[in-house]
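Peer 1: Handing you this structure, nothing more for now.
Each reported figure results from applying straightforward, stated rules to the coordinates on display, with no laboratory input. Computed from a predicted structure; not experimentally measured. Here the Cβ positions follow ideal geometry from the backbone for every residue, glycine too, while neighbour counts run over all protein chains shown.
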Ligand code: BT5
């Protein structure tokens, strides 16, 4: 049987600043693809655009190093690959997660996990990608800051019982290996189709905030790069490469 590349080297930390920062250091030092860093808590967990990821003890915080050997323009599909792996795992706990573009995993419309990808590309070649995943495991509502209490949830809150973080990690790394294999085999259509099946974004009226503009329209499709296509009210199509997506019916 083929080995899981994500179980060859797993490094555990009690507490850490950020597993993504640690993984980046190791990636620069040449550590192999698949190495995983796991922490019980993070002091400076990061979200996209340098936002804070609340990381109290009880959650699961991990990062891994990827060195994909496929054209660098396909790195934009990695958020879909990672969100499918997290979604697959949460689903196996008999919950009904949905992916919100680009990388939020939500249960009952509340965020249960987040994904952060940071890549280093040189001369059109991927040097490394650090994939970070944060999952709200055994956290109750009081673990979250007041600002997050209406928008965040955890496995404990949804299942009303504690989950074994080590078992969850094992399941997640196995799903990640399967999804990453699909990706490495360039099975991109399958990834995009399954992402669409597991997302609730397409068809919704959305408000997108990018670094430069706000766009309102219907989420029409996700293209071959994983970018979101919006049909605007003026009947134009806009391609969104990066930004925040808010469902208008949840405002
Ligand atoms: C993310 O960013 O969702 C990416 C989160 C990635 C965290 C992992 S943990 C392991 C690894 N090491 C790191 O340092 N990071 C990664 P974004 O889409 O920008 O969402 C951030 C926003 O989510 C924040 O501004 C809050 O509104 C909200 N948020 C923060 N902490 C949360 C939590 N624990 N649960 C739910 N929502 C949270």
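Peer 1: In square nanometres, what is the average projected area of the Cα convex hull of the stretch 1-96?
Peer 2: Working: hull surface 31.8 nm².
Computing the convex hull of the Cα atoms and averaging its projections yields 7.9 nm².
Peer 1: From the Cα gyration tensor of the stretch 49-101, with a ≥ b ≥ c the square roots of its eigenvalues, which class applies: rounded if a/c is under 1.5, or else prolate if a/b is larger than b/c, or else oblate? Mind dumping the intermediate values first?
Peer 2: On the way: a/c = 1.95, a/b = 1.34, b/c = 1.46.
Judged from the Cα gyration tensor, the stretch 49-101 comes out oblate (a/c at least 1.5, b/c at or above a/b).
Peer 1: Using only the alpha carbons of the chain, determine the length spanned along each of the three principal axes and report them from longest to shortest in whole angstroms.
Peer 2: 51, 46, 34 Å, listed from the longest principal axis down.
Peer 1: Over 10 Å intervals from 0, what percent of Cα-Cα pairs in the stretch 114-251 sits in each interval?
Peer 2: 9, 27, 35, 25, 3
Peer 1: When the Cα atoms of the stretch 108-192 are enclosed in a convex hull and the volume is divided per residue, what value in Å³ results? It would help to have the intermediate numbers written out before the result.
Peer 2: Values: hull volume 12.2 nm³, N = 85.
Once divided by residue count, the hull of the stretch 108-192 is 143 Å³.
Peer 1: Checking the a/c ratio against 1.5 first, then a/b against b/c, what shape does the Cα gyration tensor give for the stretch 150-223? Please list the in-between numbers first.
Peer 2: Values: a/c = 2.54, a/b = 1.26, b/c = 2.01.
Because a/c hits 1.5 or more and a/b fails to exceed b/c, the stretch 150-223 counts as oblate.
Peer 1: Let me ask something else about it. Given the rule -39500 (n - 2.57) for each run of at least 4 DSSP H residues, summed and divided by the residues of the chain, what is its mean residue ellipticity at 222 nm, to the nearest 500 deg cm²/dmol? Please report the intermediate quantities before stating the final value.
Peer 2: Details: 5 runs with 60 residues, N = 251.
Dividing the helical sum by the residues of the chain leaves -7500 deg cm²/dmol.
Peer 1: If you don't mind, there's one more thing I want to ask. Can you tell me the mean projection area, over all orientations, of the convex hull of the stretch 203-245's alpha carbons? Units nm², please.
Peer 2: Working: hull surface 10.9 nm².
So the mean shadow area of the Cα hull is 2.7 nm².
Peer 1: Most exposed first by the Cβ proxy, i.e. fewest other Cβ within 10 Å, how do 80, 116 rank?
Peer 2: Numbers: 80 27, 116 23.
Ordered by Cβ neighbours within 10 Å, fewest first: 116, 80.
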